[in-house]
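Here's the structure we're looking at; comments come further down.
The values are calculated or read from the model by the stated rules, or taken from the named source; none is laboratory data. Note that the structure is a prediction, hence the values are computed from the model and not measured. Areas reflect the complete protein model, heavy atoms only, side chains present, ligands, DNA and RNA absent. Shrake-Rupley method; radii C 1.70, N 1.55, O 1.52, S 1.80 Å.
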Amino acid sequence: MRHFNKRLGWIFALGILLFALREIWGMNSSSLTPYLVAGDMDTYSLGRWTSLAGTLIWAGIYLAFHTYGAAFLFSRILKIPWRAALVMQTYVTAILVIEKALLFFLFAVLGYTTYLSLFSFGPLAALLFNHSFVILFFNQLTIFTSLIIAIQYRFLRNYVTFSPKWLLFGLILLHVLVALAIGALSLVPLADMIEGFTEGVVPGE
């Protein structure tokens, strides 16, 4: 890939800008609406600025993990060249940014948001099931996930020594396990834990 560092820099810049625009537009800031309705503009403004700062930090972590973190894991586990793994994950990160950009565009056109991806099985799962774990699990399985698996398979099959069928199976299993892990987060009472921490007590006591 020519001008690799420049291309990677553009992906990071556009990704961070996208996260910022989503936050400024109002995605994931519904918890601050009561302050706006009550007319508490100081608290509302502080909350929006704090939320924007947190979003920018999370954007950097998100992009860095999918690019450098995942490339490091692939290079260490499968013993492939670091540079090749980094190029592969750069394509993956670009796809993830494109997916989020398309979702943001659709939400902006429709005028509302949802925590479910329109490109996933999440909306269908929400119609058939009433359990957050199942819904979030299927929400991670999108058409872009299939594209990412295809790209990773095309890159990695040139470096691994075992059967390509096992490679494809391993990649599918990896993404399924990641989806399961994200779905399992719905079972963790994060809100209660944070509330207990801020009150200086241990949850459950």
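Numbers below:
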| item | result |
| --- | --- |
| Kirkwood hydrodynamic radius over Cα pairs of the range 117-187, then Stokes diffusion coefficient at 37 °C and 0.692 mPa s, in µm²/s | 252 µm²/s |
| Nearest-10 value in Å² for the accessible area of Thr114, using the 1.4 Å probe | 50 Å² |
| Globularity index of the range 4-189, i.e. its alpha-carbon radius of gyration over 2.2 N^0.38 Å | 1.16 |
| Accessible area in square angstrom per residue, the range 69-154, 1.4 angstrom probe | 55 Å² |
| Accessible carbon and sulfur surface of the range 4-189 relative to its total accessible area, %, 1.4 Å | 71 percent |
